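Any read-out appearing in this document is the output of simple, stated calculations on the displayed coordinates, not a laboratory observation. Since we're looking at a predicted model, the values are computed, not measured. Neighbour counts are summed over all protein chains in view; Cβ atoms, including those assigned to glycine, are modelled from backbone coordinates with ideal geometry.
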Amino acid sequence: MIEIRQLTKSLVGGGRRVDILNGIDLSVPSGQFLAITGASGSGKTTLLSLIAGLDTPTSGKILIDGRDITPLKEAELARLRGERFGFVFQSFHLIPTLTALENVVLAAELNGTPGPEKKSRDLLGVVGLGERLGHYPAQLSGGEQQRLCLARAFINEPDIILADEPTGNLDSKNSAHIMELILELHRVKQATILLVTHEAHIAEKSERILTMQDGSIVQDEPRPAANEKDAP
């Protein structure tokens, strides 16, 4: 369970304050696939960063399974991210000097995952990169790099996946493939997924859609049957 209470984020510069988030209240049950939509500047990515402990709120609380993470020190947050979170970004953030296999193995080793190489090979096979293990990121297409990011995000079987515009740099074919993989991995692993997107057809594949505007949640639309048509 992710629970957010009166979360705010403000920046001060040039003698003026800019409010990015305005008292967000939100509960996300374990295993839910939540899409977060809204125009650029509405606060979507800031909300995701705060939940991940990558940024510090101005006020409010973020609870993960009842534990308030807002007062934790960076070392504790880093440990929490390694144990509980997986990340998929629009910019891939892959290590260019490591092969596809090595990128995933490294993520597994950093978290102490047993049998990291075999598990990484198996997961790369699941996302369709079984024949590309020895290729470097620059030798992979955009769609292949994003599939590699999915494997890296899921290698430690995290409870929570945070995805920020994961299809934003992809063409329609690769975008559809990535969403199929996210839905399948969500179904199999039962991870909680928070996905930021500008694309309505992507959001509609989720179980619940939040719409943000000017730092506030203006609509919360449950979609209890949204994924039935996507099930194999």
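Hydrodynamic analysis of the stretch 99-181 uses the Kirkwood radius over alpha carbon pairs. Inserted into Stokes-Einstein at 25 °C and 0.890 mPa s, it gives a translational diffusion coefficient of 191 µm²/s. Along each principal axis, taking the top coordinate minus the bottom one, the Cα set of the stretch 151-195 gives 28, 18, 16 Å in descending order. Here the contact order of the chain, divided by its residue count and restricted to Cα pairs under 8 Å and six or more residues apart, works out to 27 percent. When the charge dipole of the chain is built from unit charges on Cβ atoms (+1 for Lys and Arg, -1 for Asp and Glu) and taken about the Cα centre, the candidate among L181, S216, I95 whose Cα reaches farthest toward its positive end is I95.
Once the C-beta distance of E76 and E184 is scaled by a Förster radius of 22 Å, the resulting FRET efficiency is 0.10 to the nearest 0.05.
Take the Cα of S216, step 7 Å toward its Cβ, do the same at S10, and the gap between the two points is 1.6 nm.
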